[in-house]
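Just below is one structure, and these are the notes that go with it.
The values are calculated or read from the model by the stated rules, or taken from the named source; none is laboratory data. From a predicted model like this one, the values you see are computed outputs, not experimental measurements. All Cβ positions, glycine included, derive from the backbone under ideal geometry; neighbour counts span all protein chains shown.
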Amino acid sequence: MGLNRSTIKALVEELVDRGLVSEIIPDTAARAGRPSHVVVPRSDTVHVLAAELGVDTTTVAAVGLGGAVLARRQYMSTSPSPVDQTVDRLAAELADLQSEMGGRLVGVGVAVPGLVQGSDGWVELAPNLGWREVPFGKLLARRLGLDVPVKVGNDGHVGGLAEHLRGSGQGTDNLLYVSGDVGVGGGIILDGRIQLGACGYAGEIGHMMVNPNGRPCRCGGRGCFETEVGEESVLVACGRSPDAGRAGLREVFAAAALGEPAAVAGLHDVVIWLARGLASLVNVLDTELVILGGTLAGLLPAVGPGLAAELASLTTLTSRHPVPIVASGLGEDSAMVGAAELAFEPLIAHPLGAFEPSRLVPPPSAPTSASAAGVAV
């Protein structure tokens, strides 16, 4: 960074005074000489509230610096979901969680399955929620009545961001994150940056048309990617009820592992459509890695080798440079952790100026070793 030691020391001391970071002594038993201190984020002094707004379930959590999930809870939701009812329930759950947490809250972040204008949390369209032109960010901020920023992002975007920073995509600057549940969403990381597009709507791969003769989609189109590889499609292809949900999917995956013909044949059909969609995206984006989340991650143990082979047969790139396909490193928490990253952005951008020391909760005694910190940078 071109900074001298005294400048770095002064900056770190200010961050320590605000309880945002700690200086620890790493375990260097195998090395000779005096160990250097390492600066790590503190997860026990400030936190954000994060939520993933789902079609059938909503997750809320308190997350500390460094991505540490301090508390979480989940409740059932419905689709279509009336906006006022959704906002009221979510605000109540977040307020209750903050009451339980106490401490210094510095932001709120929410992941939404729809077209989100990140600047103000405007949801242009969320077909699986039945929403169109909803000022969700402003409604939630007004309902919460908290003196902190409220950030709203597309679930695919923030899920890809979280996987890049803290999940299976760490160390990879060009990746595609594809998450499937009731719908299918995506996050595109190129040169280490999430790609949002002109209006913030990039990555809507769930509504990319892959089958001209396919079923109608909630978005108004036909043969969309999510109508071929989403939760309902997997269940129907395997001879199950489309309403069986996640429990039904787990049963399908277990049945396929035992060799049940209907499950094996159904998953094979899904893999063909999944590979076709991924092939188009990999050819266009030239990514190094594909990360599957949600329902799609559950497919990998049963069909991983077949998916990789099918993808390689459909792309000009993977035949020369194979693109690994891996499961989400954060499991079902990718979008929720990504929403927390959004909420932390104002603090990360201006850690010394955004919050006066007097407004922060006095920090407990700082940890003195890497094992005690329990947080990774």
Looking at the structure I just gave you, is Gly114 in contact with a strand residue (DSSP E or B) (Cβ under 7 Å, 6 or more places away or on another chain) and farther than 15 Å from Ala343 by Cβ?
yes
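In the range 285-297, is there at least one residue being outside any loop (DSSP other than H, G, I, E, B), out of contact with any Ser or Thr (no Cβ under 6 Å at 6 or more places or on another chain) and either without any contact (Cβ under 8 Å) to a residue 40 or more places away in the chain or aromatic (Phe, Trp, Tyr) (or both)?
Step one: filter the range 285-297 for residues outside any loop (DSSP other than H, G, I, E, B), giving 285, 289-297.
Next, only the ones that are out of contact with any Ser or Thr (no Cβ under 6 Å at 6 or more places or on another chain) stay: 285, 290, 292, 295-296.
Still in the list and also either without any contact (Cβ under 8 Å) to a residue 40 or more places away in the chain or aromatic (Phe, Trp, Tyr) (or both): none.
Among the residues of the range 285-297, not one is outside any loop (DSSP other than H, G, I, E, B), out of contact with any Ser or Thr (no Cβ under 6 Å at 6 or more places or on another chain) and either without any contact (Cβ under 8 Å) to a residue 40 or more places away in the chain or aromatic (Phe, Trp, Tyr) (or both), which makes the answer no.
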Members of the range 260-284 found to be crowded, with 17+ Cβ neighbours inside 10 Å and small (Gly, Ala, Ser), listed by number
Ala263, Gly266, Ala275, Gly277, Ala279
Find the residue count for the range 248-259, including only residues that are surrounded by 16 or more Cβ atoms within 10 Å (Cβ to Cβ) and not in a helix (DSSP H, G or I).
0
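If you take the residues of the range 124-150 that are among the β-branched types (Val, Ile, Thr) and either modelled with pLDDT under 95 or under 26 Å from Pro41 (Cβ atoms) (or both), which of them is surrounded by the fewest Cβ atoms within 10 Å (Cβ to Cβ)?
Top of the filtered list is Val148.
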List the number of the failed condition for Ala198; all other conditions in (1) part of a loop (DSSP other than H, G, I, E, B); (2) touching a Gly at 6+ places or on another chain (Cβ under 7 Å); (3) not β-branched (Val, Ile, Thr) hold.
(2)
When you look at Ala111, is it under 24 Å from Leu196 (Cβ atoms), of a type outside the set (Phe, Trp, Tyr) and modelled with pLDDT of 95 or more, yes or no?
yes
Scan Glu52, Glu100 and give me the residue that is under 23 Å from Ala335 (Cα atoms) and either of a type in the set (Gly, Ala, Ser) or more than 20 Å from the chain's Cα centre (by Cα) (or both).
Glu100
For residues that are in a helix (DSSP H, G or I), among the small types (Gly, Ala, Ser) and at pLDDT below 90, scanning just the range 207-247, find the one that is surrounded by the most Cβ atoms within 10 Å (Cβ to Cβ).
Gly245
By residue number, the members of the range 151-180 that are among the aliphatic types (A, V, I, L, M), surrounded by 20 or more Cβ atoms within 10 Å (Cβ to Cβ) and over 16 Å from Thr58 (Cβ atoms) are Leu161, Ala162, Leu175, Leu176, Val178
Selection status of Asn213, in contact with an Asp or Glu (Cβ under 6 Å, 6 or more places away or on another chain), more than 24 Å from Glu332 (Cβ to Cβ) and not assigned by TED's automatic domain parsing to the domain that holds Gly114:
no
Among the candidates Gly329, Gly293, Gly298, which residue alone is on the phi < 0 side of the Ramachandran plot and either modelled with pLDDT under 90 or over 24 Å from the mean Cα position of the chain (by Cα) (or both)?
Gly298
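Which members of the range 320-338 meet the condition of being outside any loop (DSSP other than H, G, I, E, B) and surrounded by 17 or more Cβ atoms within 10 Å (Cβ to Cβ)?
Listed by number, the residues that qualify are Ile325, Val326, Ala327, Glu332, Asp333, Ser334, Ala335, Met336, Val337, Gly338.
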What is the number of the single condition among (1) among the acidic types (Asp, Glu); (2) modelled with pLDDT under 90; (3) touching an Asp or Glu at 6+ places or on another chain (Cβ under 8 Å) that Glu52 does not meet?
(2)
